[in-house]
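Data block below; observations after.
The values are calculated or read from the model by the stated rules, or taken from the named source; none is laboratory data. Remember, it's a predicted structure, so these values are computed and weren't measured experimentally. Here the Cβ positions follow ideal geometry from the backbone for every residue, glycine too, while neighbour counts run over all protein chains shown.
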Amino acid sequence: MKRLQKIIPSGLSARFALLLLASLIGVNFVAAYLLAREGTSFDQAARVQGDMGRLVAIVTALESVDAQTGATTLARSNTAFTRFSLDDLPVGSSSMQSVPHIENDIAQALPGHAVKVIDGATDATEETPFLLLLSVQLNGGPHSGKWLNSLVYPLPTLKAWKWKVGFFVPLLATLGGTLLVGMRFIQRMTDPLRRLAAAARAAGNGDRSVRVRERGARELRDTAAAFNTMQQRIAEFENERTRVLAAIGHDLRTPITSLRIRAELVDDPAISAPMVRILDEMTVMTSDFLQYARDQHSPETEEETSLSELLQRICSDQNVNLRIHQSARPRLQRVAMTRAIGNLIGNAKRYTGSAFVSLNRDGNVAVLTVEDDGPGIPEAQLKSVVEPFVRGESSRSEKTGGVGLGLSIAKGIVTDHGGTLTLSNRPSGGLSAEIRLPLGASLPQRSAPAKGVGT
């Protein structure tokens, strides 16, 4: 079973094509076998088609040359499976069955000549059964009025196939034509599925504007419509969530600022200090809200960027160590990627007080790593901590602020660049955040108007 799975192609169109090809070959093989088994009529047609030219040439020669030359020509025309003779009457008897369609073929090749063709299978008196008896009456020359009789014997199996090959050409032509039409039909049938898969990949990279054209079979149209509806609803939900976050962050800023001013006016530090600290945390939260909302609608254009130069500037501003093993120049939204890397560095410094940044390449992928030497994050939380509003506070510092949007913002920006963000705990302790960005690839569209995939 495993060997069979290796042989069978994985693509749906390729599987349909293989099934169609196997079916057509099977049907044509059966047709060829039955045709080959039909010895009498098939062999008769094959022999007549093969010997027609020679028969016409002999008749023409006998009507054009003298008697001695005609006799020599006739003798040399005999083969082991075809015998010619000149007689006063056509061979055969009235009880033997004629073959009208072969008579018509010979009459068209030799107009004005009387033709008789007898089926050899109807003659039970011959010890060696023959295939056909051909008789053509000559209309000129020294043998005018006589009949050229030809006794045609069946060919051996191997030799017969040489005569039969031409009859299989229509079968092969039918096979090729049907296969071409079937392949085109399969391609058109599976093309909507390929477009849907491309749209799903784009949606997985955060593109909520991509749509699939609703065409093809009813089931494919229904699937495309369901996908488009899902995309529309997700886009509406994300827009509404972003609007709410932006509104909350904006509306809270003014009262928080007013409360902080009042808290600073309290004379007793034991009372004012905790109040100021709580208000500062609320300020960080509102800033996260606004930052998250801005990142969802970034109008920035992409450009080819030197990651080494970008990291040198970021690490210099953040006062962290940088190791560049191999440089890279991917296409980036500089401001957005600066924010993503800054969030990772800031997250590491916020929780552990230090960060270590490195840049390398893995083939056609740029690999950027931000590490710290803190306690790390429990394995069960590594995947969920990059989701919005999820924090790893239970294993790290209890004194940090924020609402858990920093890593989510970073992941969204990296995903919009066609890359991946992976968190893992270092064996020596601490957390490692790895960004992998494809080189030489354009960014997937995220905020363009709704569009269809394909043409």
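Quick notes on this structure:
- Each residue in the stretch 312-321 was checked for being surrounded by 14 or more Cβ atoms within 10 Å (Cβ to Cβ) and in contact with a helix residue (DSSP H, G or I) (Cβ under 8 Å, 6 or more places away or on another chain), and 4 of them qualify.
- Output for the stretch 176-221, where each listed residue is among the β-branched types (Val, Ile, Thr) and more than 19 Å from the chain's Cα centre (by Cα): Thr178, Val210
- Flag for Arg215 being of a type in the set (Lys, Arg) and touching a Lys or Arg at 6+ places or on another chain (Cβ under 7 Å): yes
- Neighbours by Cβ (under 9 Å, 6+ apart or cross-chain): first from the stretch 251-264, β-branched (Val, Ile, Thr); second exposed (fewer than 15 other Cβ atoms within 10 Å of the Cβ) and modelled with pLDDT of 80 or more: none
- Ile377 in a loop (DSSP other than H, G, I, E, B) and within 15 Å of Leu421 (Cβ to Cβ): yes
- The residue of the stretch 225-247 that is surrounded by the most Cβ atoms within 10 Å (Cβ to Cβ), among those that are of a type in the set (A, V, I, L, M) and closer than 12 Å to Arg208 by Cβ, is Ala235.
- Selection count where residues are of a type in the set (Asp, Glu), at pLDDT 70 or above and more than 37 Å from the chain's Cα centre (by Cα), scope the stretch 285-335: 2
- Taken over the stretch 322-351, residues that are β-branched (Val, Ile, Thr) and buried (at least 19 other Cβ atoms within 10 Å of the Cβ) amount to 2.
Residue-wise test of (1) within 14 Å of Ile435 (Cα to Cα); (2) in contact with a helix residue (DSSP H, G or I) (Cβ under 9 Å, 6 or more places away or on another chain).
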residue: Leu310; (1), (2): no, yes
residue: Arg323; (1), (2): no, no
residue: Ala328; (1), (2): yes, yes
residue: Val335; (1), (2): no, no
residue: Leu344; (1), (2): yes, yes
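- Some residue of the stretch 46-54 being assigned to a loop (DSSP other than H, G, I, E, B), loosely packed, with under 12 Cβ neighbours inside 10 Å, assigned by TED's automatic domain parsing to the domain that holds Asp119 and modelled with pLDDT under 85: no
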